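The values are calculated or read from the model by the stated rules, or taken from the named source; none is laboratory data. Nothing here was measured: the structure is a model prediction, and the numbers come from that model. Here the Cβ is made from the backbone with ideal geometry for all residues, glycine too, and neighbour counts use every protein chain on show. Just the protein is used for accessible areas: all its heavy atoms, side chains included, with ligands, DNA and RNA removed. Shrake-Rupley method; radii C 1.70, N 1.55, O 1.52, S 1.80 Å.
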Amino acid sequence: MLIKVRKPWSLDERDVTPEALFKQRRRFLKTGVAALAGGLAGGLLSSQAFAAWPEAGDMLSGINKTAFDPGEDLTPFDQVSSYNNFYEFGTGKDDPVYAAKDFQSKPWTVEIAGACAKPGLYDFEDLISPHQLEERIYRHRCVEAWSMVVPWVGLSLADVIKRLEPTSKARYVAFETLLDPERMPGQRRAVLQWPYVEGLRMDEAMNPLAFLTVGLYGRTLPPQNGAPLRLVVPWKYGFKGIKSIVKITFTENEPPTSWNRSAPREYGFYANVNPEVSHPRWSQAKERRIGEFFKRPTLPFNGYAEQVAHLYTGMDLAQYI
Ligand code: MTE
């Protein structure tokens, strides 16, 4: 039985164009129904995750639509925001939606450090506001072989980097999550070395696909998805998408990354989505789109090969995992 209830996170008609609204609704309804069927049949999501109706953030305005849209059905908001990996709030997929519920991300500062002309402590708003917000629909593929399609809102990482004026010594960009075990209870357990850290080579960070994200579904990021600021690198496994960023450093040497530190045999620095290279414990050839029952083939670079394969010319991608 379908009961039509307006969820607090549904799109506000005043804030979107009629065409966009129509398209979103059509795709949302289709995926919502498929998700329910797939979830029940496949037992993909726990009943707890279905019971959770995560709260959406504040409506964002002045968002440009861009051409980044694979034209695939969107994963409904309730699934994007209740099936999460965020070890600072627990190791279970449905832990963060509960444990991060009251996480406050205002005020927020981001430290810019290392080889650049504009280091310093920036208020989140000052870092973001000179840039135009865009909505980009990206495939989001986790190393655990599940995937989603998410309408992220954010800004080009390359544009932010250009403004910070990296010097010629800046060959990599390192990112760091907040370290605060009071506010992030998962950090009281040594499941990872805290804070969570990630990094990109400079040319990867400057690729037009790399995205600093502040929202999804037209609203600010829910805490469990990495409020207020996270990285989204659509051609890499989801773990490169570091959440709740407090520090960005331009470095000369390859920076450490959390999952590589934790299990170097399983996770490399690059983490490019690669169906031909299996994880030591499972295949990466297929993935389960959250909400669907049958698996689908995984695409090289998550379907973004045309835009990024040239970054790795001459590298043996079975070695540089
Ligand atoms: N960032 C931090 N700080 N801590 C984490 O545990 N998990 C990563 C990544 N970013 C993680 C993180 C992993 S393993 C994945 S798959 C994605 O976040 C999940 O993003 P999502 O919950 O928004 O789908």
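Residues in the range 180-210 that are free of Cβ contacts under 8 Å to residues at least 12 places away in the same chain and open to solvent by less than 30 Å² (accessible area, probe 1.4 Å): how many? Adding up the residues that qualify gives 0. Screening the range 144-179 for residues that are over 30 Å from residue 297 (Cα atoms), aliphatic (A, V, I, L, M) and part of a strand (DSSP E or B) and picking the one that is most open to solvent (accessible area, probe 1.4 Å) gives 174. Please enumerate the residues belonging to the range 132-154 that are more than 10 Å from the ligand (Cβ to nearest atom) and either without any contact (Cβ under 8 Å) to a residue 60 or more places away in the chain or within 18 Å of residue 295 (Cα to Cα) (or both). Once the filter is applied, which keeps residues that are more than 10 Å from the ligand (Cβ to nearest atom) and either without any contact (Cβ under 8 Å) to a residue 60 or more places away in the chain or within 18 Å of residue 295 (Cα to Cα) (or both), the range 132-154 yields 139, 145, 149. Just one of (1) open to solvent by 10 Å² or more (accessible area, probe 1.4 Å); (2) more than 27 Å from residue 266 (Cα to Cα); (3) small (Gly, Ala, Ser) fails for residue 215. It is (1).
If I ask for residues that are touching a residue at least 24 places away in the same chain (Cβ under 8 Å) and either of a type in the set (Phe, Trp, Tyr) or in a strand (DSSP E or B) (or both), which ones from the range 102-131 would you list? Answer for the range 102-131, where residues must be touching a residue at least 24 places away in the same chain (Cβ under 8 Å) and either of a type in the set (Phe, Trp, Tyr) or in a strand (DSSP E or B) (or both): 103, 108, 109, 110, 111, 112, 113, 114, 116, 124. As a summary of the residue check, residue 187 satisfies the conditions (1) under 13 Å from the mean Cα position of the chain (by Cα); (2) assigned to a helix (DSSP H, G or I) except for the one numbered (1).
Take the conditions (1) within 14 Å of the ligand (Cβ to nearest atom); (2) outside any strand (DSSP E or B); residue 200 misses just one of them, which is (2).
For the range 291-319, residues that are exposed (fewer than 14 other Cβ atoms within 10 Å of the Cβ) and either in contact with a helix residue (DSSP H, G or I) (Cβ under 7 Å, 6 or more places away or on another chain) or farther than 30 Å from residue 81 by Cα (or both) total 7.
Scanning the range 229-262 for residues that are open to solvent by less than 20 Å² (accessible area, probe 1.4 Å) and either more than 13 Å from the ligand (Cβ to nearest atom) or without any contact (Cβ under 8 Å) to a residue 24 or more places away in the chain (or both) yields a total of 5. When residue 67 is tested against the conditions (1) open to solvent by 60 Å² or more (accessible area, probe 1.4 Å); (2) closer than 30 Å to residue 296 by Cβ; (3) in contact (Cβ under 8 Å) with a residue 12 or more places away in the chain, the lone failure is (3). Given (1) more than 9 Å from the ligand (Cβ to nearest atom); (2) closer than 13 Å to residue 87 by Cβ; (3) not aliphatic (A, V, I, L, M), where does residue 224 come up short, assuming only one miss? Tallying (1) more than 9 Å from the ligand (Cβ to nearest atom); (2) closer than 13 Å to residue 87 by Cβ; (3) not aliphatic (A, V, I, L, M), residue 224 fails exactly one: (1). Please indicate, with yes or no, whether at least one residue in the range 272-282 is touching a Cys at 6+ places or on another chain (Cβ under 7 Å) and closer than 23 Å to residue 213 by Cα. No.
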